[in-house]
1. For Ile110, Ile179, Ile283, which order do you get if you count the other beta carbons within 10 Å of each Cβ and list the fewest first?
2. Would you compute the Debye intensity of the chain from its alpha-carbon atoms alone, equal scatterers and no solvent, and pass along log10 I(q)/I(0) at q = 0.07 Å⁻¹ to two decimals?
3. Sort Glu198, Glu244 so that the residue with the fewest other Cβ atoms within 10 Å of its own Cβ comes first and the one with the most comes last.
4. Over the chain, what is the mean sequence separation of C-alpha contacts under 8 Å (at least six apart), divided by residue count, expressed as relative contact order in percent?
5. Name the aspartates and glutamates eligible as straight-distance cross-link partners of Lys190: C-alpha to C-alpha under 12 Å, and not fewer than 8 places from it in the same chain.
6. Taking a threshold of 30 Å on the Cα-Cα distance, which of the pairs Lys4/Lys230; Lys246/Lys316; Lys31/Lys184; Lys63/Lys318; Lys230/Lys262 fall above it?
7. Per-residue ellipticity at 222 nm for the chain, helices alone: DSSP H runs ≥ 4 residues times -39500 (n - 2.57), over residue total, nearest 500 deg cm²/dmol?
8. Using the crude model of +1 on Lys and Arg Cβ and -1 on Asp and Glu Cβ, and no other charge, please compute the dipole size for region 209-303 relative to its Cα centre, in debye to 20.
Amino acid sequence: MPIKIIEKIMDGKYLEPSDLSTMVERMREGKLNGLQFVSFLTAMETRNRINGIDINECANFIKALRIPTESSLEGVLCNAGTGGGWTKTLNIGTASAVIIATSGINTLKIGSKGITTNSGSRNVLENWGIDTNADVGKVISSVEKAQIGYFDFSKIVPLGERAGLRSPLHYLGPLCNPINLSYKVLGCIKEEHLRTIEPILEKLCDNYLLSFNPNIDEISLTDPTLIVEKRNNKRKEYIFNPSEHKLPHISYQDIAHPGDVKKGADMLWEVLVGNKKGSIRDILSLNAGAGIYLAGKEKSIRDGFYSAQDLLESGKVKAKLNEWKKYQST
């Protein structure tokens, strides 16, 4: 069956939900080997480059990848980035997720080990003592008890064998989550990625905030960032210029990754636990603030920034991180 599906793609056809469910089922049963999976992705990418991307197929692929599980969680947010960019920064998204959860928002972070850098979510969290190999049940339980959990992307899609070429996973991967989401925050380093992702995300999530900055896959405090958001059934697009909001200006060098996994994780830990002030705290506050705003906890990204700063100042973020370790520790 997988070969027939691959041949269907090679004939230029798009897959039905049943085809995608079959592929995912075979993959999870171990009946689809790494070579077949790479062939599947390569065939999709080749067809897409010639015929274009089918939005329904993309959305149905993501839905098929969700893990069947019972959950009563509501108002769940996930923040992520597409990766890439010339600026190799600390893992802003992973640390921001802890602040978002501290504000009272159910946060289920998805991520993986670093591919282009050594600052992937898994790299950071393993150094913090978080179990990055937890199954979906334990992760959901952690969100229920501590309002935050982490699920590794490798448990949704096998990452062991990669062709090294761009594939649909580059734009579908950041949208994958084991359960339904109410809120999605996603940073892109290419505007074309944002334009590709938005119509797919429109079919998956009611509220989202997409950002484009050519330097980092986050909202920047160094230069303006394009924001596309859909919130409370209203969509708008605008340029977020930190100087216009009288927010701190930082240089990318201030938030650069030091190159060592543990040192990078420790730098973030010092901000979350020790409330170390400076550029790292500011960039975390801005991007956490975007999530806090999207979920309706504040009236603007700027207000979200100051709310995040207050949470760090109060020591509540430190308490949340320790609570998370209690429920999803190694």
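1. Values: Ile110 24, Ile179 19, Ile283 28.
Arranged by neighbour count, lowest to highest, Ile110, Ile179, Ile283 become Ile179, Ile110, Ile283.
2. Each listed q corresponds, in turn, to -0.27.
3. Values: Glu198 18, Glu244 10.
If I rank by nearby Cβ atoms, fewest first, I get Glu244, Glu198.
4. Working: 602 pairs, mean separation 67.5, N = 330.
This gives 20 percent for the chain.
5. Within the straight-line limit of under 12 Å, Lys190 reaches these aspartates and glutamates: Asp217, Glu218.
6. Details: Lys4/Lys230 39 Å; Lys246/Lys316 25 Å; Lys31/Lys184 32 Å; Lys63/Lys318 34 Å; Lys230/Lys262 37 Å.
Check vs 30 Å cut-off fails for Lys4/Lys230; Lys31/Lys184; Lys63/Lys318; Lys230/Lys262.
7. Values: 13 runs with 152 residues, N = 330.
About -14000 deg cm²/dmol.
8. On the way: 14 positive and 13 negative charges, 91 e Å.
It works out to roughly 440 debye.
Read-outs: derived from the displayed coordinates by stated rules, not from any lab. No experiment lies behind these values; they were computed from the predicted model shown. Here Cβ is always computed from backbone atoms with ideal geometry, including for glycine, and neighbour counts include all displayed protein chains.
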